[in-house]
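Q: Encoded as structure tokens, here's the structure I'll be asking about.
The values are calculated or read from the model by the stated rules, or taken from the named source; none is laboratory data. Note that the structure is predicted; figures quoted are calculated from it, not measured. Cβ placement follows ideal geometry from the backbone for every residue including glycine, while neighbour counts extend to all protein chains displayed. To get the accessible areas, we keep the full protein, side chains included, count just its heavy atoms, and leave off ligands, DNA and RNA. Shrake-Rupley method; radii C 1.70, N 1.55, O 1.52, S 1.80 Å.
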Amino acid sequence: MFKYLLPVLMLLQFPLQAQITRVAHRGGRTLAPENTLAALRAGMEYPIDFCEIDVHQTRDTVVVLHHDETLDRCTNGSGRIDHTDFEEIRKLDAGSWFGEKYAGEKVPTLEEALDLVNGKCGLWIEIKGGAADYPGLEARIVRLIRKKKAHAWVQVISFDTQALKRIHALDPEIKLQKLLVSNLGAFPFFLDKGLRGGSPRRLDFVDGYGIYYKTVHKSLVRRMHKWGKTCNVWTVNGQENIARMRELGVDGITTDEPGWFREQR
Ligand code: G3P
Ligand code: CA
């Protein structure tokens, strides 16, 4: 009888061991200066499925990688990206703030990021602000995904539902994720780009949701699965938190420290 016990126990464990989608936040935020090609190169050395990046648009409409709307925190420059031409941004040092080793690292374009990643892992492109902030941004992103034939390994993610709708209208083959900060159970509101009443609704045109991990709970994961959507969480650091998210049954985990994934499969 005991000879059957071990395989049965292994089978019972299977749901906890289901493979998750492993995502390196901002390329590999703790490894190298976030949202640079160095960060993407560093992230790709870890056992990950996707790198996540953030994009904005320069005054002269180049789509570039950057988390903040301004250049102050992550370069030696300052000012708003949409008030600055690409040529100016390109002169800036986007690496020294992280470490001398990265001095001279540039703010990359989305095209450069797509060329570097090129399907070696996947890429989640987060639109920080859609057409209301950056006219024509969605069409430029779609053009680049098509030019690089990247549909199989790229997803576009955003808090901005309108931006996702525009991407879908331009190219329904592109996979999308709607980002949410929270769905606070009993409280009749949730947060995405703004504070909204009600609970997050099923959006038929998205493939999944990306939720702040501290507000996710089992019934929400179940609801999203019932809708046929993935439930992904950000930004989860530390072995215990990652293990807890896996127990909730989430599909994807974004972390600043992709080294945690070495222990997790
Ligand atoms: O994946 C979503 C997550 O990246 C949102 O947070 O501020 O790091 O872009 P943020
Ligand atoms: Ca992001």
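Q: Can you pull out the residues in region 58-80 that are touching an Asp or Glu at 6+ places or on another chain (Cβ under 6 Å) and within 16 Å of ligand 2 (Cβ to nearest atom)?
A: Hit for region 58-80 is His67, nothing else.
Q: Could you name every one of the strands (runs of 3 or more DSSP E) located completely within region 142-251 that has at least 1 residues being β-branched (Val, Ile, Thr) and without any contact (Cβ under 8 Å) to a residue 40 or more places away in the chain?
A: Counting at least 1 such residues, we get 154-158, 208-212, 230-234.
Q: Does His151 fit the bill of being under 20 Å from Lys178 (Cα atoms) and modelled with pLDDT of 95 or more? First the steps, then the outcome.
A: Working: under 20 Å from Lys178 (Cα atoms): yes; modelled with pLDDT of 95 or more: yes.
Here the answer is yes, as His151 does meet what is asked.
Q: Going through region 22-47 one residue at a time, which ones are of a type in the set (Val, Ile, Thr) and either more than 15 Å from ligand 2 (Cβ to nearest atom) or within 18 Å of Gly95 (Cα to Cα) (or both)?
A: Thr30, Thr36
Q: Of all residues in region 47-65 being free of Cβ contacts under 8 Å to residues at least 60 places away in the same chain and in a loop (DSSP other than H, G, I, E, B), which is surrounded by the fewest Cβ atoms within 10 Å (Cβ to Cβ)?
A: Taking the candidates together, the pick is Asp60.
Q: Condition first: open to solvent by 80 Å² or more (accessible area, probe 1.4 Å), at pLDDT 95 or above and over 26 Å from Ala139 (Cα atoms). Can you find one or more residues in region 3-14 that meet it?
A: The answer is no; no qualifying residue exists.
Q: Next question. Return a yes/no flag: does region 15-36 have any residue that is at pLDDT 95 or above and away from ligand 1 (no atom under 16 Å from the Cβ).
A: Within region 15-36 (the criterion being at pLDDT 95 or above and away from ligand 1 (no atom under 16 Å from the Cβ)), the answer is no, since none of the residues qualifies.
Q: Continuing with the same structure: So Leu164 clears everything in (1) open to solvent by 10 Å² or more (accessible area, probe 1.4 Å); (2) within 24 Å of Tyr212 (Cα to Cα) except one condition, right? Which one?
A: That leaves (1) as the condition not met.
Q: Filter region 229-243 for residues that are under 20 Å from the mean Cα position of the chain (by Cα) and open to solvent by 40 Å² or more (accessible area, probe 1.4 Å) and give the result. Don't jump to the end; show me each part of the working.
A: Going through region 229-243, the residues under 20 Å from the mean Cα position of the chain (by Cα) turn out to be 229-239, 241-243.
Those that are under 20 Å from the mean Cα position of the chain (by Cα) and open to solvent by 40 Å² or more (accessible area, probe 1.4 Å): Thr230, Trp234, Asn237, Gln239, Asn241.
Q: In this structure, does Leu176 turn out to be within 16 Å of ligand 1 (Cβ to nearest atom), at pLDDT 95 or above and in contact with a helix residue (DSSP H, G or I) (Cβ under 8 Å, 6 or more places away or on another chain)?
A: Judged against the criteria, Leu176 is a match.
Q: Further question: Is it true that Ala186 is among the hydrophobic types (A, V, I, L, M, F, W, C) and modelled with pLDDT of 95 or more?
A: no
Q: Being surrounded by fewer than 17 Cβ atoms within 10 Å (Cβ to Cβ) and touching a residue at least 40 places away in the same chain (Cβ under 8 Å) is the filter here, so list the residues in region 70-81 that pass it.
A: Once the filter is applied, which keeps residues that are surrounded by fewer than 17 Cβ atoms within 10 Å (Cβ to Cβ) and touching a residue at least 40 places away in the same chain (Cβ under 8 Å), region 70-81 yields nothing.
Q: Got a number for residues in region 115-141 being buried (at least 22 other Cβ atoms within 10 Å of the Cβ) and assigned to a helix (DSSP H, G or I)?
A: Within region 115-141, residues that are buried (at least 22 other Cβ atoms within 10 Å of the Cβ) and assigned to a helix (DSSP H, G or I) number 4.
Q: Quick check on this structure: which one of Val156, Val221, Val142, Val216 is touching a helix residue (DSSP H, G or I) at 6+ places or on another chain (Cβ under 7 Å) and within 16 Å of ligand 2 (Cβ to nearest atom)?
A: Result: Val156 is the single residue among Val156, Val221, Val142, Val216 that is touching a helix residue (DSSP H, G or I) at 6+ places or on another chain (Cβ under 7 Å) and within 16 Å of ligand 2 (Cβ to nearest atom).
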